[in-house]
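Colleague: Below is a structure I'd like to ask you about.
The values are calculated or read from the model by the stated rules, or taken from the named source; none is laboratory data. Owing to the predicted nature of the structure, the values given are computational and were not obtained by experimental measurement. Note that we place each Cβ from the backbone using ideal geometry, even for glycine, and neighbour counts take in every protein chain shown. Quick note on the areas: whole protein, heavy atoms, side chains included, nothing else; ligands and nucleic acids left out. Shrake-Rupley method; radii C 1.70, N 1.55, O 1.52, S 1.80 Å.
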Amino acid sequence: MSFGEKILRYQEDILRDLAELVKVPSVRSEAKEGMPFGEQSALALKTALGQAERLGLTVKNVDNYAGHAEYGEGEEYAAVLAHVDVVPAGGDWESDPFTMVIRDGCCYGRGTADDKGEAVVALYCLKVLKDENVPMKRKIRVILGAAEETGSEDMRYYFSKEPLPVMGFTPDAEYGVCNREKGMLHIKISGKPSETVRWFDAGIVYNAVPARAEAELCCTKEQLSRLQAAAGECEGEFYFEETAMGGKVVSLGVASHAMQPQEGKNAASYLLCLLKKVFTNEELGALLAFAAERIGTEYSGATMGVACEDVESGPLTLNLGMVKSSDKDAFIGIDIRYPVTVDGEKIVSVIRSAAEQAGLSCAAESHSKPLYLPAESSFIRLLKAAYKEVTGEEAELYSTGGGTYARSLKGCGVAFGPFFSDEPDRRLHNCGEHIEIEKFMVHAQICLEAMYRMATEE
């Protein structure tokens, strides 16, 4: 029997506490005094830390940016990092996204898979260590953040106040061990609004493929008719409505995470390409014409001039996450995941040059450099041993375009779990987010086994 199996007796308690945490719609909102990411993110952090206190753990809230629960003694500590914020619900759910529903062996609800389920499991792993009175060489801390989905400034603040762990992992990816994370860029390109496209709205965040886009047009009936005809030759699903000013077009796609934009269908890109078939660049305006021409439906960045790849982590991906245009302002938001051996500043420079040549302004809103932890690291060996102890299989090393809290650990941590390669799409940033309970409890065993080894091994 592995030590990790001891977590199985807490399954009902884990699901109960997860349901409580899912109830909090912890999407980042306007900052308030003492609540840097809004009321709901602060409430989710308070709720999770309250659960930890009920488990008999020592807790600390670091100014509602993040907090931790810990067990053990000493200055040195190892850590598990999870987050309690979520992306907006969006889409057509079969049930209320903020009421956890158990159906067909799965738990459905926003945050069940990303990342509230993992947070609750990690807290219960600490409880097992406490209940079993494990003799520990270092204390173990579960660090909970409240703004991972919007750039992880929570961890930057937290580690400005708290020391770094000697080792750590975040269960916010897949198994085996993710020792390579691509660089991440969020780039905003701004320009003057279009006089023809009076309003364009697509996307909520940079790091998701928009599933819906809408445009209101100042156009003639003949132009609207041409758009309808062109729609039959374009990729995408479109709906049209005649208005007093001309027409309205709705584009429908499929959402996905920006780390794998090819898995989705970008409604904004489809709509831009449709508009480009009927309207001139002058009619579209410089910004929308630029987005249609230099991005279009590509996710490789080729036409933008930034396509690249390496053996270690694969190709660059580019996601057009937001398109906003009104009579006041207009901008597009781009999410880029670039290979671990590439210089991100050069990518920014190429895009800025292209934007400025088109008469647009360009700003890098955020830049997270790549993570790369060598395969021969003793910590990598520890995690691989924990995985094999529970599953009987070897944990492969892999790279991801996703961005996790592992980057904040400054070279002493990685992403590890919670999902397995043979699991179906869990729609992490889409409607229908869920965990398969049986599989998730295997993750819980691996998580506990890893935490046990981090606590007891030299």
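Colleague: For the stretch 355-374, how many residues are touching a strand residue (DSSP E or B) at 6+ places or on another chain (Cβ under 8 Å), in a helix (DSSP H, G or I) and either open to solvent by less than 40 Å² (accessible area, probe 1.4 Å) or of a type in the set (S, T, N, Q) (or both)?
Modeller: 1
Colleague: Something else now. Test Met167 against the stated conditions and say whether it is on the phi < 0 side of the Ramachandran plot, over 14 Å from the mean Cα position of the chain (by Cα) and of a type in the set (A, V, I, L, M, F, W, C).
Modeller: The answer is yes for Met167.
Yes/no matrix, rows are residues, columns are (1) closer than 19 Å to Thr220 by Cβ; (2) not in a strand (DSSP E or B):
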site	(1), (2)
Ala244	yes, yes
Lys248	yes, no
Ser251	no, no
Met259	no, yes
Ala268	no, yes
Glu283	yes, yes
Phe290	no, yes
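Table: residues versus (1) in contact (Cβ under 8 Å) with a residue 12 or more places away in the chain; (2) surrounded by fewer than 17 Cβ atoms within 10 Å (Cβ to Cβ); (3) part of a loop (DSSP other than H, G, I, E, B).
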| residue | (1), (2), (3) |
| --- | --- |
| Cys125 | yes, no, no |
| Pro135 | yes, yes, yes |
| Ile140 | yes, no, no |
| Met155 | yes, no, no |
| Ser160 | no, yes, no |
| Gly168 | yes, no, no |
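Colleague: For the stretch 102-123, which positions are open to solvent by less than 40 Å² (accessible area, probe 1.4 Å), hydrophobic (A, V, I, L, M, F, W, C) and outside any loop (DSSP other than H, G, I, E, B)?
Modeller: Cys106, Cys107, Ala119, Val120, Val121, Ala122, Leu123
Here is a yes/no grid of residues against (1) on the phi < 0 side of the Ramachandran plot; (2) open to solvent by less than 20 Å² (accessible area, probe 1.4 Å); (3) out of contact with any strand residue (DSSP E or B) (no Cβ under 9 Å at 6 or more places or on another chain); (4) in contact (Cβ under 8 Å) with a residue 60 or more places away in the chain:
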| residue | (1), (2), (3), (4) |
| --- | --- |
| Leu8 | yes, no, yes, yes |
| Pro25 | yes, no, no, yes |
| Gly38 | no, yes, no, no |
| Leu49 | yes, yes, no, yes |
| Glu70 | yes, no, no, yes |
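Colleague: Next up: Would it be correct to say that Asp335 is touching a residue at least 60 places away in the same chain (Cβ under 8 Å), acidic (Asp, Glu) and surrounded by fewer than 13 Cβ atoms within 10 Å (Cβ to Cβ)?
Modeller: Values: touching a residue at least 60 places away in the same chain (Cβ under 8 Å): yes; acidic (Asp, Glu): yes; surrounded by fewer than 13 Cβ atoms within 10 Å (Cβ to Cβ): no.
For Asp335, the condition - touching a residue at least 60 places away in the same chain (Cβ under 8 Å), acidic (Asp, Glu) and surrounded by fewer than 13 Cβ atoms within 10 Å (Cβ to Cβ) - is not met.
Colleague: Identify, please: which residue in the stretch 174-196 is touching a Ser or Thr at 6+ places or on another chain (Cβ under 6 Å) and hydrophobic (A, V, I, L, M, F, W, C) and is, among those, most open to solvent (accessible area, probe 1.4 Å)?
Modeller: Of everything passing the filter in the stretch 174-196, Met184 is most open to solvent (accessible area, probe 1.4 Å).
Colleague: Considering only residues of the stretch 223-275 that are of a type in the set (S, T, N, Q) and within 29 Å of the chain's Cα centre (by Cα), which is surrounded by the most Cβ atoms within 10 Å (Cβ to Cβ)? Steps first, answer last, please.
Modeller: Start the filter on the stretch 223-275 by keeping residues that are of a type in the set (S, T, N, Q), which leaves 223, 225, 228, 243, 251, 256, 260, 262, 266, 269.
Applying the additional criterion that residues be within 29 Å of the chain's Cα centre (by Cα) yields 251, 256, 260, 262, 266, 269.
On the way: Ser251: 28, Ser256: 22, Gln260: 17, Gln262: 12, Asn266: 33, Ser269: 28.
Only one residue tops the list, namely Asn266.
Here's the yes/no breakdown for (1) under 24 Å from Leu397 (Cα atoms); (2) assigned to a helix (DSSP H, G or I); (3) not small (Gly, Ala, Ser):
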residue: Gly296; (1), (2), (3): no, no, no
residue: Gly321; (1), (2), (3): no, no, no
residue: Lys346; (1), (2), (3): no, yes, yes
residue: Ser353; (1), (2), (3): no, yes, no
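Colleague: Hand me the list of strands (runs of 3 or more DSSP E) wholly inside the stretch 4-93 holding 3 or more residues that are under 30 Å from Lys384 (Cα atoms).
Modeller: Working: elements: 58-62, 66-71, 77-83.
In the stretch 4-93, 66-71, 77-83 are the strands (runs of 3 or more DSSP E) which contain 3 or more residues that are under 30 Å from Lys384 (Cα atoms).
Colleague: Tell me which residues, restricted to the stretch 1-38, are at pLDDT below 95 and among the charged types (D, E, K, R). Full working, then the answer.
Modeller: Residues of the stretch 1-38 at pLDDT below 95: 1-2.
Result: no residue meets the conditions.
Colleague: Select from the stretch 410-458 the residues that are within 20 Å of Gly111 (Cβ to Cβ), among the charged types (D, E, K, R) and modelled with pLDDT of 90 or more and write down the one among them that is surrounded by the fewest Cβ atoms within 10 Å (Cβ to Cβ).
Modeller: If we take residues in the stretch 410-458 being within 20 Å of Gly111 (Cβ to Cβ), among the charged types (D, E, K, R) and modelled with pLDDT of 90 or more, then Glu438 is surrounded by the fewest Cβ atoms within 10 Å (Cβ to Cβ).
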